[in-house]
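Quick notes on the structure that follows.
Nothing in this text is a laboratory measurement; each read-out follows from the coordinates by a stated rule. Remember, predicted model here, so these are calculated numbers, not experimental data. For neighbour counting, all protein chains shown are included, and Cβ atoms are generated from backbone atoms with ideal geometry for every residue, glycine included.
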Amino acid sequence: MGEKKEYRSAVRSRRLIREAFLELLRRKPYEKITVTDIVAAADINRSTFYAHYPDVRGLVEEIVGEVLDHSISLADNLDMRVFLEDPMPFLQELTSYSTRNRELYELLIRSDFAHRQMEQLKHTLIEAALRSPVIPEHIRSSMEFRIHISFFIGGLLTLYIMWLQGELECSDEDITKQISLVIQNSATLYLNWS
């Protein structure tokens with residue numbers, strides 16, 4: 001019984017820390033948020049914070065890691081044939097998750113160490129395209145295709161980043177629809193490439 005109570009207490013503490021951090025993030029950049037700020041906002045003591053995280057950066061890295069792990073998991077499980085035929089379900093899931101976790105994605109975009117994780121996501125998507133049997137082998141193995149797909153996926157990620165930062169003023173449905181059209185048009189090109 002004691003272990004269960006201790007586990008619930010740890011889960012509660014982590015939740016309070018994260019909620020306090022995200023609330024602080026609405027008011028100032030994460031680089032300016034201190035452990036003192038977080039423990040005051042969460043109404044916990046410093047030792048509770050340090051029982052879970054080494055510092056604010058450790059908290060941010062964990063949050064960023066979880067967000068990107070979800071995105072990478074989506075990409076890893078992507079069936080390229082289904083995606084090229086109808087990209088909407090994948091894009092709707094990605095957009096919906098991004099919308100539900102917008103603050104976390106904004107944190108990801110602003111963090112100075114996020115480039116490594118974004119590069120990993122981009123690499124995962126590129127590798128999914130390069131190993132897809134939907135696209136003929138002679139196309140997938142060409143330098144031209146690697147350049148095209150790297151440019152294409154980099155562009156898609158940039159569009160999502162711009163949208164999350166508010167640089168593209170459009171609804172969830174609009175961004176999903178427009179990216180879906182770009183993918184379908186490109187899929188036609190890649191599948192008919194000789």
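Going by alpha carbons, how many degrees (0 to 90, nearest 10) lie between the helix axis of 114-130 and the longest principal axis of the chain? With rounding to tens, the tilt is 30 degrees.
Computed over the alpha carbons of the chain, Rg followed by Dmax gives 20.1, 66 Å. FRET efficiency for the pair R131 and R8, taken as 1/(1 + (r/R0)^6) with r the Cβ-Cβ distance and R0 = 41 Å, rounds to 0.40. At full extension, H138 and E169 could sit 7.2 nm farther apart than now, given 0.36 nm per residue minus the alpha carbon distance.
Run the dipole for the chain about the Cα centre, Lys and Arg Cβ at +1, Asp and Glu Cβ at -1, nothing else charged, and hand back the magnitude in debye, nearest 20.
Value, rounded to 20: 560 debye.
Along the axis of the charge dipole computed for segment 126-173 (Cβ charges of +1 for Lys and Arg, -1 for Asp and Glu, origin at the Cα centre), the listed residues S141, L159, A129 are led at the positive end by S141. Extension gain for H123 to T158 (0.36 nm times residue separation, less C-alpha to C-alpha distance): 11.2 nm. Computed from the Cβ-Cβ distance with R0 of 41 Å, the FRET efficiency linking R27 to D76 stands at 0.70. Mean residue ellipticity, 222 nm, helices only, the chain: the sum of -39500 (n - 2.57) across DSSP H runs of n ≥ 4, divided by residue count and rounded to 500, is -25000 deg cm²/dmol.
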